[in-house]
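Trainee: After the structure tokens below, expect a handful of questions from me.
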Amino acid sequence: MANSKYEYVKSFEVEDEIVPPNIILVRIDARDFKRFAVAHELKMPNDENMLNLMNACATCVLEEFPDIVFSYGFSHEYSFVLKKKTKFYQRRASKILSLVVSFFSSIYVVKWKEFFPEREMSYPPSFRGQVIPCATIDVLQEYLSWRQNECHVNNLYNTCFWKLVESGNTEKEAQEILKGTQKQEKNDILYLQFHVNYKNDLPAMFRQGSCILTTQKEDVVKYSEDGTPIKRLRRKVKTVHSENIAGRNFWSGHPDVLRELGGFTKDVAKVNPDYIRSFLFQTKLMPSTWIVIRIDGCHFHRFCDAHEFEKPNDEQALNLMNSCAAAVLQEFQDVTFAYGVSDEYSFVLKKDSRFYNRLPSDLISVIVSFFSSMYVMNWKSFFPQKELRYPPSFDGRAVCYPSSEILRDYLAWRQVDCHINNQYNTCFWMLVKSGKSKSDAQGVLKGTQTQEKNEILAQFGIDYNKLPAIFRQGSSVFNEDAMIHENGYEKGTSTGKLRRKVIIDFCNIIEQSFWNEHPCILD
């Protein structure tokens, strides 16, 4: 990050390390999944293709992040458990959460066609999540028992409910029939009315959920000169189903997971959800402060190289980022402004926002997830001739700024950073393209100031100040009131309907004039 007089705003960021020996658990579940299921005509109560898609995404998560050794999922939720001694991203909760939910969301969109080849994805999915510190292995055991019990209870109810609806009852009538019924009564309804034996006729995946876990397996890596196979232990990811994932027998049957997390000392006699919920407590972000959710591309240098982005700036890649930011503003009305440069974006929520009750995990995960899904969905619009080789992921954090002045200083810090980094990178890549090695180019630029870099660029016939504003000043995204007419958009007229329109601009947000021109942003 570049040095400037605005650097002080970094002091508002707080660390959120999950200290050892807590076991780190990340739980994600789909946001507004009922709407998504209806829009994409998923089967009720269970769509097997959708569940297989969720399992495929969870498998990819374990393959992508070796520190995740166990996961459990059902319906539209998944829980991921990291090995006990993990140092993954310094055990920072927001970083771990955002990376998991971002990658899961991206891979969900990437793999959609694999499971729904005849169905277009009409809008991007998004997931919200939370990091849950488990103080002991017993807490993890109680949590897993709770989630699997929820899987069973919910699936039994939903199976009965949709059978009743399919038989001619209205949804309200089905709810009344099932009101107050116990497990045996629901089983009787299924068997006596619909000839369904719940335990024997329904797939285990519906009743028990799915476990994705790691194991070690011997693989032949090469052959010796005499043809003898040389074997090595390789990390593998597999899917299993079990009636009791919190039982000692199941856990002991997977020694690789046992080694990384520890073993259960006893079986759970009875699920106690209130005990588990006591570990789900979150501290809300400070009221009456501006909330900024800043997201950054993870390993984006590698992503840029793999997809052959132009250096130092790929305008189409920036426009793709901007399209995702605009979609965030359209989807979440509490986001009033966004500023982006390179592979990062900062989203500003209204000072009085109560979105997700100002819970940082929900805010970070939902915005990062939606942005990631939209990035994959929009890829072909900006790179029609280029295949997406692997899904992107973004990490995120939430920071509170107590006043409009400090918020503006934060945004000024990001724009100054944009200018300094872009000027350096423009010089660097011009030197490299002229024949210098990367280390030589770094040596030439070491210790240079703004004027010296401009002089270097002048040698290549480049006037830095005439480069596209999107490169020099980054992108600002915000809502603006506009009059909408039948024949299109027309600003400043007195007739028609007043609507909110998302504007993408490349302007100087450090100067007062921008904020004078758009007072509603910080109103």
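Trainee: Any residue that is open to solvent by 80 Å² or more (accessible area, probe 1.4 Å), modelled with pLDDT under 90 and within 21 Å of VAL328 (Cα to Cα) - is there at least one of those in the range 468-483?
Mentor: The answer is no; no qualifying residue exists.
Trainee: Let me ask another. Taking the range 24-50 as the search range and keeping residues that are basic (Lys, Arg) and part of a loop (DSSP other than H, G, I, E, B), which one is surrounded by the fewest Cβ atoms within 10 Å (Cβ to Cβ)?
Mentor: Here the answer is LYS43.
Trainee: Further question: Take residues that are of a type in the set (Phe, Trp, Tyr) and tell me which of the helices (runs of 4 or more DSSP H) falling wholly in the range 397-482 contain 3 or more.
Mentor: Where helices (runs of 4 or more DSSP H) fall fully within the range 397-482 and carry at least 3 residues being of a type in the set (Phe, Trp, Tyr), they are 404-433.
Trainee: Return the pair list, or none, for Cβ contacts closer than 6 Å from residues in the range 331-345 that are touching a residue at least 12 places away in the same chain (Cβ under 8 Å) and part of a strand (DSSP E or B) to residues that are small (Gly, Ala, Ser) and open to solvent by 10 Å² or more (accessible area, probe 1.4 Å), at least 6 apart or on different chains.
Mentor: none
Trainee: Test each condition in (1) hydrophobic (A, V, I, L, M, F, W, C); (2) over 18 Å from CYS57 (Cβ atoms); (3) within 23 Å of the chain's Cα centre (by Cα); (4) surrounded by fewer than 23 Cβ atoms within 10 Å (Cβ to Cβ) for ILE137 and report the one that comes out false.
Mentor: (3)
Trainee: Still on this model: Could you tell me which residue of the range 372-411 is farthest from the chain's Cα centre (by Cα), considering only residues that are among the acidic types (Asp, Glu) and over 19 Å from SER342 (Cα atoms)?
Mentor: Among them, the one singled out is GLU405.
Trainee: Quick one: in the range 179-208, of everything that is assigned to a loop (DSSP other than H, G, I, E, B) and among the aliphatic types (A, V, I, L, M), which residue is nearest to VAL153 (Cα to Cα)?
Mentor: LEU202
Trainee: Another question, if that's okay. Could you grab the pairs with beta carbons closer than 9 Å, sequence gap of 6+ or different chains, first residue in the range 497-522 and under 22 Å from ALA327 (Cβ atoms) and assigned to a helix (DSSP H, G or I), second one of a type in the set (A, V, I, L, M) and at pLDDT 95 or above?
Mentor: Going by the 9 Å Cβ cut-off, the qualifying pairs are ILE521/VAL348.
Trainee: Moving on. Can you tell me which residues in the range 252-293 are assigned to a loop (DSSP other than H, G, I, E, B), farther than 28 Å from ASP352 by Cα and not aromatic (Phe, Trp, Tyr)?
Mentor: Hits for the range 252-293 are GLY253, HIS254, GLY262, GLY263, THR265, LYS266, ASP267, VAL268, ALA269, LYS270, VAL271, ASN272.
Trainee: If you don't mind, there's one more thing I want to ask. Does ASP314 meet the test of being of a type in the set (Asp, Glu), open to solvent by 10 Å² or more (accessible area, probe 1.4 Å), at pLDDT 95 or above and touching a Phe, Trp or Tyr at 6+ places or on another chain (Cβ under 7 Å)?
Mentor: Criteria not met by ASP314.
Trainee: Which pairs do you get when a residue that is under 19 Å from ASN319 (Cβ atoms), found in the range 381-398, comes within reach of a residue that is assigned to a strand (DSSP E or B) and among the charged types (D, E, K, R), reach meaning Cβ atoms under 8 angstrom, with the pair 6+ apart or on two chains?
Mentor: Qualifying pairs under 8 Å: PHE394/ASP296.
Trainee: Going through the range 150-178 one residue at a time, which ones are under 24 Å from HIS76 (Cα atoms) and either outside any helix (DSSP H, G or I) or open to solvent by 40 Å² or more (accessible area, probe 1.4 Å) (or both)?
Mentor: Scanning the range 150-178 gives GLU150, HIS152, VAL153, ASN154, TYR157, ASN158, TRP162, LYS163, GLU166, GLU171, LYS172, GLN175.
Trainee: What pairs can you find where one residue is in the range 261-279 and at positive phi, the other is loosely packed, with under 14 Cβ neighbours inside 10 Å and assigned to a loop (DSSP other than H, G, I, E, B), and their Cβ atoms are less than 9 Å apart, with a gap of 6+ or different chains?
Mentor: Here the result reads GLY262/THR136, each pair linking the range 261-279 to a residue that is loosely packed, with under 14 Cβ neighbours inside 10 Å and assigned to a loop (DSSP other than H, G, I, E, B).
Trainee: Go through the range 226-266 and give me each residue that's over 25 Å from GLU63 (Cβ atoms), surrounded by fewer than 13 Cβ atoms within 10 Å (Cβ to Cβ) and of a type in the set (D, E, K, R).
Mentor: ASP226, GLU243, LYS266
Trainee: Between SER105, SER98, SER79, SER71, which is open to solvent by less than 10 Å² (accessible area, probe 1.4 Å), within 17 Å of TYR390 (Cα to Cα) and at pLDDT 95 or above?
Mentor: Every option except SER105 fails the conditions.
The values are calculated or read from the model by the stated rules, or taken from the named source; none is laboratory data. Just so it is clear, the model here is predicted, and its values are computed rather than measured. For neighbour counting, all protein chains shown are included, and Cβ atoms are generated from backbone atoms with ideal geometry for every residue, glycine included. Just so you know, the surface numbers come from the protein's heavy atoms only, side chains and all, with ligands and any DNA or RNA stripped out. Shrake-Rupley method; radii C 1.70, N 1.55, O 1.52, S 1.80 Å.
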